[in-house]
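The values are calculated or read from the model by the stated rules, or taken from the named source; none is laboratory data. Please read all numbers here as calculations on a predicted model, not as lab measurements. As a convention, Cβ positions derive from the backbone with ideal geometry for all residues, glycine included, and neighbour counts pool all protein chains shown.
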C-alpha cells in the first residue's frame, strides 16, 4: 500500500514542522536584526474593493511549498551550481509576516515601508514574499536615501494607470508610482502581453518617462540579451516579479493569467544575468494566489525563484 503521507521532507530527514522559508532562522526581535538577507512576508498592501486581499495567503503558501527541502540547504543546487548559499558565509533570516488591515491601505503601506527601510538601514537586503501586486510601491519607497536604483519588473501588465476605483496606490499603478520616486533612475519592464488595464495613453506616458519595454513577444523572439543590455553595469537593481509574468502553464496561481509568458528557466536565467552584470539590491515576488494553485506546484515554482534570488544575492556578498 502506498503511504499517502510520504513527502520529500520525510525522505530528507525532517523531524519537525517547518514554518519559516526553507527552515532559515526566524527573527524574534526586529531590534536585533543582523543578517545579510532578510525574508519578509507581506500579505497585503492596497487591495481594490472589488477583489479584496486576494493574495493574503501567499507568504504561507510559498513557505509551505518549499518546506520539504529545509534540511537540504547544503545539498547541491543545480540552478546555482553549488549549495544554496555558496560558501555558506551569508546570513539569512526569515522576518515573518507583516500584519495587515484590508480596510486601511495607507496603514499597510506604511508598515511595509518602515519594515523594509529598517532592513536597509542595517544593510540587510530584502526578499519580499507577497501578496498583492501593489506591494512594490511601499517597498521601493523604502529605498529613498539609498542611492540610484534600476527597477526590473517581470509582469504581463505594465501597471501605469494613475488610479483605478479611486485608488492611486493599487496594483495597476505600481510602475507609475515608481517612476515618481527620484531615486528610481531606470525602469525596465519585461514580459508585457495580451490585455490589461493600461490604455494607449498610459503606455505612451511610460515611453515618455523613459521606460524600456521588452515584451513577451520580443523576449521569445530575441532572447534575454536585449534585457540585459539595458541594465547599466554595476547598477543597484531591484527585481520585482509579478507571478503573472510567468506563463500560466508553470504559474496558474494568479488573478490575471495570459498565455505566452516567461518560462521558469527564462526567469531564472534573467536573474542570473542580472546578478552577473549588476548588484541585486532587493527582490520581491507578488500576485501569488494560492486558491488557484494545482497540487502546490505553483508554490514550489515561486519558492524556487525566491531560492535563486537568495542564492545569487548571497554570492554577491
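Computed values, structure above
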{"read-out": "Single match in 67, 60 (criterion: within 30 Å of residue 157 (Cα to Cα), out of contact with any strand residue (DSSP E or B) (no Cβ under 7 Å at 6 or more places or on another chain) and modelled with pLDDT of 95 or more)", "value": "60"}
{"read-out": "Selection count where residues are surrounded by fewer than 17 Cβ atoms within 10 Å (Cβ to Cβ), touching a strand residue (DSSP E or B) at 6+ places or on another chain (Cβ under 9 Å), without any contact (Cβ under 8 Å) to a residue 40 or more places away in the chain and at negative phi, scope the range 191-216", "value": "3"}
{"read-out": "Checklist (1) assigned to a loop (DSSP other than H, G, I, E, B); (2) crowded, with 20+ Cβ neighbours inside 10 Å; (3) free of Cβ contacts under 8 Å to residues at least 60 places away in the same chain applied to residue 67, failing item", "value": "(1)"}
{"read-out": "Failed item in (1) out of contact with any helix residue (DSSP H, G or I) (no Cβ under 7 Å at 6 or more places or on another chain); (2) closer than 30 Å to residue 272 by Cα; (3) touching a residue at least 40 places away in the same chain (Cβ under 8 Å); (4) surrounded by 16 or more Cβ atoms within 10 Å (Cβ to Cβ), with residue 73 passing the rest", "value": "(1)"}
{"read-out": "Residue check, residue 253 out of contact with any helix residue (DSSP H, G or I) (no Cβ under 6 Å at 6 or more places or on another chain) and modelled with pLDDT of 95 or more", "value": "no"}
{"read-out": "Only one of 13, 88 that is touching a helix residue (DSSP H, G or I) at 6+ places or on another chain (Cβ under 6 Å), at pLDDT below 90, surrounded by fewer than 17 Cβ atoms within 10 Å (Cβ to Cβ) and assigned to a loop (DSSP other than H, G, I, E, B)", "value": "13"}
{"read-out": "Options 284, 293; residue that is under 15 Å from residue 129 (Cβ atoms) and over 15 Å from the mean Cα position of the chain (by Cα)", "value": "293"}
{"read-out": "Count - residues of the range 85-108 that are more than 18 Å from the chain's Cα centre (by Cα) and under 13 Å from residue 307 (Cα atoms)", "value": "2"}
{"read-out": "Every residue from the range 127-148 that is over 22 Å from residue 105 (Cα atoms) and either outside any loop (DSSP other than H, G, I, E, B) or in contact with a strand residue (DSSP E or B) (Cβ under 7 Å, 6 or more places away or on another chain) (or both)", "value": "147, 148"}
{"read-out": "Residue match in the range 272-279 (condition: surrounded by 23 or more Cβ atoms within 10 Å (Cβ to Cβ), touching a strand residue (DSSP E or B) at 6+ places or on another chain (Cβ under 8 Å) and either at pLDDT below 95 or farther than 21 Å from residue 252 by Cα (or both))", "value": "yes"}
{"read-out": "Failed condition for residue 219, given (1) out of contact with any helix residue (DSSP H, G or I) (no Cβ under 9 Å at 6 or more places or on another chain); (2) crowded, with 16+ Cβ neighbours inside 10 Å", "value": "(1)"}
{"read-out": "Any hit, the range 254-261, residues being touching a strand residue (DSSP E or B) at 6+ places or on another chain (Cβ under 8 Å) and under 25 Å from residue 125 (Cβ atoms)", "value": "no"}
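Residue by residue, here is whether (1) outside any strand (DSSP E or B); (2) in contact with a strand residue (DSSP E or B) (Cβ under 9 Å, 6 or more places away or on another chain); (3) surrounded by fewer than 24 Cβ atoms within 10 Å (Cβ to Cβ) holds:
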site: 150; (1), (2), (3): no, yes, yes
site: 153; (1), (2), (3): no, yes, no
site: 172; (1), (2), (3): yes, yes, no
site: 186; (1), (2), (3): no, yes, yes
site: 189; (1), (2), (3): no, yes, no
